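Everything on this sheet refers to the single structure shown next.
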Amino acid sequence: MSVVAGIVGVVCILIAFLLDEFYPKFNSETASYNLINILGAGLLMYYAYSLKSWPFVALNAVWLIAAVVKLVKISKL
């Protein structure tokens, strides 16, 4: 199960990145971009935790928190 979570998490992060790079209407100022990053980072945190890979748990926790903060900021505009 955790491997599937890891794969889906990576796919989410990569989709958000690629869309941000090549599709101007999809960027860090959109809710969808940040929601995909939240999902991806959360799944990758779970995967890293299952492997006891603490540096990657921390990395994805920061990624998730940053996306949540950005999403809250966007929703207040």
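The values are calculated or read from the model by the stated rules, or taken from the named source; none is laboratory data. This is a predicted model, so every value here is computed, not measured. Neighbour counts are summed over all protein chains in view; Cβ atoms, including those assigned to glycine, are modelled from backbone coordinates with ideal geometry.
What is the residue count in the stretch 30-73 for residues that are over 18 Å from Val3 (Cα atoms) and either of a type in the set (Ser, Thr, Tyr) or at pLDDT below 95 (or both)?
3
Kindly indicate whether Ser75 is touching a residue at least 24 places away in the same chain (Cβ under 8 Å) and exposed (fewer than 13 other Cβ atoms within 10 Å of the Cβ).
When the stated conditions are applied, Ser75 passes them.
Test of understanding: among Val68, Val10, which residue is in a helix (DSSP H, G or I) and more than 9 Å from the chain's Cα centre (by Cα)?
Just one listed residue meets the conditions, Val68.
Among the residues of the stretch 1-32 satisfying the criterion of being more than 19 Å from Leu77 (Cβ to Cβ) and of a type in the set (Ser, Thr, Tyr), which is surrounded by the most Cβ atoms within 10 Å (Cβ to Cβ)?
Ser2
Determine whether the stretch 28-50 contains at least one residue that is free of Cβ contacts under 8 Å to residues at least 12 places away in the same chain and hydrophobic (A, V, I, L, M, F, W, C).
No, every residue in the stretch 28-50 fails to be free of Cβ contacts under 8 Å to residues at least 12 places away in the same chain and hydrophobic (A, V, I, L, M, F, W, C).
Sort out which residues of the stretch 51-60 are of a type in the set (A, V, I, L, M) and either without any contact (Cβ under 8 Å) to a residue 12 or more places away in the chain or surrounded by fewer than 16 Cβ atoms within 10 Å (Cβ to Cβ) (or both), and write them in order of number.
If the condition is that a residue be of a type in the set (A, V, I, L, M) and either without any contact (Cβ under 8 Å) to a residue 12 or more places away in the chain or surrounded by fewer than 16 Cβ atoms within 10 Å (Cβ to Cβ) (or both), then Leu51, Ala58, Leu59 are the ones that fit.
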